[in-house]
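J.: This structure is in structure tokens; I'll ask about it shortly.
Where a number appears in this text, it was derived from the coordinates with a stated rule and is not lab data. Every value quoted in this text rests on a predicted model; they were computed, and no experiment measured them. Counting neighbours? That spans all protein chains shown, and the Cβs are built from the backbone with ideal geometry, glycine included.
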Amino acid sequence: MIISGSVKETREQVKEWKRKGLRVGFVPTMGYLHEGHQSLMEAAKKENDRVVASIFVNPIQFGPNEDFASYPRDFEKDAALCESVGVDLVFHPKADEMYKEGFCTYVDMDGLTKELCGKSRPTHFRGVQTVVSKLFHIIPADRAYFGQKDAQQLAVIKKMARDLSMDIEIVGCPIIREADGLAKSSRNTYLNAEERQAALALSRGLAEGRKLVEAGEREAAKVKRAIEVEIEKEKLAKVDYVEVVDFADIMPLADLSAAKEGEVLCAVAVYIGKTRLIDNFIWKAGQ
Ligand code: AMP
């Protein structure tokens, strides 16, 4: 496995694979890898001849009072996981390799980024779109893999790739969970034992919502309320948002039957102590 911190070296290696006619899959991450990331790498491995993973804690997607400095990092362990899955190249740049002095060009979007996480993290998606665009230029892959765990991010990246005519297929992958239902996340490491238990409020709340929808409820307000009521039973939980949106444009829905492409995203962000966790489910009309 090649490990490179260099934009030039990484781009040349990927181009060489492309010249040979090999298909390249790409998995962007911020490291501190777990089975969620691993599932993306395994999907990429199955569908491509070469797999590139990036490990980069992207400073510009964190707000001023967010956890950039304390975000967990363990490159040795991450590299070992990548190697065990059969990743061919790990791109692990330093911040100044990605953002040279004077950097001032950003990718942004009018739609999709204003709701859900965009409300409490107003510059987050601009940072995500900018770094992902840069990574797509550095790593000209055929396919890139993103988790539904960050459903709004997945929708934003799909839209960005379409709007900017990027020559890459965006593949969404299912949420990987702990045995008790908690969605795996690098940020779960912030939770103490009591908070870890309390964090189950997210998946429990979503399960209540899903039950209602599957029983035929189509009024978004009722689904939202059921999710909120369940989450608020947990004393350590403080809801940032509970939303029901159209997955196609991330706009709030009043009626679940009205989703343009038939996919409804029920998403939550909840503070457990100081840690902000997100989770969601997607309901497809006709299910
Ligand atoms: P991150 O390192 O948190 O930026 O995540 C990198 C990629 O892994 C993103 O596409 C995430 O959506 C995905 N991911 C993170 N956690 C999970 C999970 N529990 N299941 C599936 N994908 C995940």
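J.: With angles folded into 0 to 90 degrees, how steeply does helix 35-47 sit against the dominant principal axis of the chain? Use alpha carbons for both and round to 10.
T.: With both axes taken from Cα atoms, the answer is about 60 degrees.
J.: Let me ask something else. Can you tell me the relative contact order of the chain? Whole percent, Cα pairs under 8 Å, sequence separation 6 or more.
T.: Values: 518 pairs, mean separation 48.7, N = 287.
Taking the mean separation of contacting Cα pairs over the length of the chain, I get 17 percent.
J.: Please give every one of the aspartates and glutamates within straight-line cross-link reach of Lys18, meaning a C-alpha to C-alpha distance under 18 Å, and leave out same-chain neighbours fewer than 8 residues apart.
T.: Candidates past the 8-residue exclusion: Glu9, Glu47, Asp49, Asp88, Asp142, Asp167, Glu169.
J.: I'd like the distance between the alpha-carbon centres of region 250-277 and region 138-159, rounded to an integer number of Å.
T.: Rounded to whole Å, the Cα centres lie 18 Å apart.
J.: Let me ask something else about it. Ser84 to Arg210: FRET efficiency via 1/(1 + (r/R0)^6), r the Cβ-Cβ distance, R0 45 Å, to the nearest 0.05?
T.: That pair, Ser84 with Arg210, gives E of 0.85.
J.: Students often check this: by mean Cβ neighbours within 10 Å, which of 197-206, 15-24, 220-229 ranks highest, and how do the rest follow?
T.: So the order, starting with the most tightly packed, is 197-206, 220-229, 15-24.
J.: Relative to the Cα centre, what is the charge dipole magnitude of region 20-146, using +1 at the beta carbon of each Lys and Arg, -1 at the beta carbon of each Asp and Glu, and rounding to the nearest 20 debye? Numbers along the way, then the final one.
T.: Working: 15 positive and 18 negative charges, 57 e Å.
Dipole of region 20-146, to the nearest 20 debye: 280 debye.
J.: Taking the Cα centre of region 115-209 as origin, sum charge times position over the Cβ atoms of Lys and Arg (+1) and Asp and Glu (-1), and report the length of that vector in debye to the nearest 20.
T.: My answer is approximately 220 debye.
J.: Now for a separate question. In degrees between 0 and 90, to the nearest 10, how far off the longest principal axis of the chain does helix 220-232 point, with axes built from Cα atoms?
T.: The angle comes out near 90 degrees.
J.: Helix 124-138 versus the longest principal axis of the chain: what angle, 0 to 90°, nearest 10, using Cα atoms?
T.: Roughly 30 degrees, rounded to the nearest 10.
J.: If the reach is capped at under 27 angstrom between alpha carbons, list the lysines near Lys235, excluding any in the same chain fewer than eight residues apart.
T.: Cross-link targets: Lys119, Lys149, Lys184, Lys211, Lys222, Lys224, Lys274.
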